[in-house]
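A.B. asks: Structure below; questions to follow.
The values are calculated or read from the model by the stated rules, or taken from the named source; none is laboratory data. None of the values given here were measured: they were computed from a predicted structure. Virtual Cβ from ideal backbone geometry, glycine too; neighbours counted across all protein chains shown.
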Amino acid sequence: MHGYSSILLVGFGDKSENALTENLQEHYQVSSATSSETALKILSGHTTDLVLAHTNLDNDGINLLETMRTHYPEVIRLLYGDLSNEEVNQAINKAAVFQFVPSNWQPQQIELAIRRALENRELSYRHRHITHELKFAEDVLLTIEKDSAIRLEKGYQFHNLVYCSKEMAELCKLARKAAATELPVLIHGETGTGKELLARAVHENSSRREHPLMVQNCGGMSDELLHSELFGHCRGAFTGAISDRLGLFQAADGGTVFLDEISEVSPHFQVALLRFLQEGEVKPLGSDRIRKVNVRVIAASNRRLDELVAVRKFRQDLYFRLKGFDLDIPP
């Protein structure tokens with residue numbers, strides 16, 4: 001089990017559930033409930049990405065999905081069972097069911113439907129987010145350029161980046177657009193191609209330029225140490241923690257955090273980073289207190305994250321979160 005998205009199966013019998021769970025656990029975190037009441041308790045206490053409800057649940061699994069539509073609209077709703085076309089249409093209208101899954105489908109077919117539903121949600125999220133950001137990008141860019149001339153005389157400007165290719169000119173043009181938004185930025189490039197310089201140029205040309213830019217190289221660090229660097233820790237949280245430490249996410253509040261070698265973080269830490277990008281909250285090691293912060297994340301890698309996603313060495317949902325803008329530096 002890779003601990004990717006969380007799936008909740010509701011109302012399945014032991015035999016069918018076991019076969020389905022065995023197949024899904026290769027790719028997702030899977031939990032189950034035998035009643036609507038239990039399912040709603042799980043939804044209230046755990047982050048769930050998708051629910052697959054059986055039509056036999058409490059004689060009407062559609063009611064559960066309709067309740068979810070009101071109280072948990074962000075959770076994808078799939079309905080499983082034997083229904084006529086008319087009943088399927090009613091379920092779609094009543095509970096906004098994303099897809100009906102016939103009971104004669106094999107576990108592999110169901111897993112494919114679930115995967116496509118999750119990918120569709122992520123793509124829809126990215127489209128809405130990017131559309132919203134770009135709507136104001138041109139106006140923001142004009143405002144930034146008006147007051148940037150004085151401030152950036154001794155700072156980082158895109159025209160100070162040395163290049164002589166058409167590809168780099170296009171890259172800087174795209175980076176300017178990225179700077180005018182609040183979207184995360186993902187930079188790909190070989191070692192020594194200036195990924196950090198490009199990240200600094202994006203920060204210095206953004207509305208966050210009056211706030212800090214914090215840099216963290218993620219390569220070769222244990223989860224505990226990296227968590228301490230980014231999220232902070234309290235005195236006594238671990239051996240050697242002799243005083244409280246402010247994490248970079250808090251230290252950069254209002255500004256930008258540049259995460260270099262993002263491809264090197266462990267699967268476990270990828271979960272923590274994804275949660276931060278979703279919630280904007282930090283919890284220092286050894287503390288029960290959760291703090292809200294407002295930072296923009298720029299990540300960089302000399303390895304293609306999409307290729308790592310394809311071989312399941314990097315979380316797909318984290319990859320989509322990071323690449324609000326994808327900047328590829330030519331070799």
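A.B. asks: Would you mind stating whether residue 47 is assigned to a helix (DSSP H, G or I) and in contact with a strand residue (DSSP E or B) (Cβ under 8 Å, 6 or more places away or on another chain)? Don't jump to the end; show me each part of the working.
C.D. replies: Details: assigned to a helix (DSSP H, G or I): no; in contact with a strand residue (DSSP E or B) (Cβ under 8 Å, 6 or more places away or on another chain): yes.
Taking the combined requirement at face value, the residue does not satisfy it.
A.B. asks: Okay, moving on. Residues that are touching a residue at least 24 places away in the same chain (Cβ under 8 Å), surrounded by 14 or more Cβ atoms within 10 Å (Cβ to Cβ) and over 17 Å from the mean Cα position of the chain (by Cα): which helices (runs of 4 or more DSSP H) entirely in the range 234-331 hold 1 or more of them? Write out each step before concluding.
C.D. replies: On the way: elements: 248-251, 267-279, 305-310, 316-322.
Answer list for the range 234-331: 248-251.
A.B. asks: Specify the residue that is nearest to residue 74 (Cα to Cα); the eligible residues are those in the range 18-57 that are free of Cβ contacts under 8 Å to residues at least 40 places away in the same chain and hydrophobic (A, V, I, L, M, F, W, C).
C.D. replies: Top of the filtered list is 43.
A.B. asks: Hey, does the range 179-193 have a residue that's in contact with a strand residue (DSSP E or B) (Cβ under 7 Å, 6 or more places away or on another chain), surrounded by fewer than 18 Cβ atoms within 10 Å (Cβ to Cβ) and charged (D, E, K, R)?
C.D. replies: yes
A.B. asks: Taking only pairs six or more apart or across chains, which ones have beta-carbon atoms under 7 Å, a first residue in the range 194-213 that is over 15 Å from residue 174 (Cα atoms), and a second residue that is among the charged types (D, E, K, R)?
C.D. replies: 196/260; 208/296; 213/200
A.B. asks: Right, something else. Can you go through 283, 292 and tell me which one is under 22 Å from residue 206 (Cβ atoms) and at pLDDT below 95? Reasoning before the result, please.
C.D. replies: Values: 283 fails: under 22 Å from residue 206 (Cβ atoms).
Going through 283, 292 in turn, the sole match is 292.
A.B. asks: Does residue 85 satisfy the criteria of being modelled with pLDDT under 85 and more than 16 Å from residue 50 (Cβ to Cβ)?
C.D. replies: It is true that residue 85 is modelled with pLDDT under 85 and more than 16 Å from residue 50 (Cβ to Cβ).
A.B. asks: Let me ask something else. Out of 146, 94, 135, which single residue is of a type in the set (D, E, K, R) and modelled with pLDDT of 85 or more?
C.D. replies: Answer to the selection: 94.
A.B. asks: Among the residues that make up the range 196-209, is at least one of them touching a Gly at 6+ places or on another chain (Cβ under 6 Å), on the phi < 0 side of the Ramachandran plot and not aromatic (Phe, Trp, Tyr)?
C.D. replies: Of all residues in the range 196-209, those touching a Gly at 6+ places or on another chain (Cβ under 6 Å) come to 204, 208.
When the remaining residues are screened for being on the phi < 0 side of the Ramachandran plot, the result is 204, 208.
From the residues that got through so far, the ones that are not aromatic (Phe, Trp, Tyr) too are 204, 208.
Checked against the condition, which is being touching a Gly at 6+ places or on another chain (Cβ under 6 Å), on the phi < 0 side of the Ramachandran plot and not aromatic (Phe, Trp, Tyr), the range 196-209 yields at least one hit.
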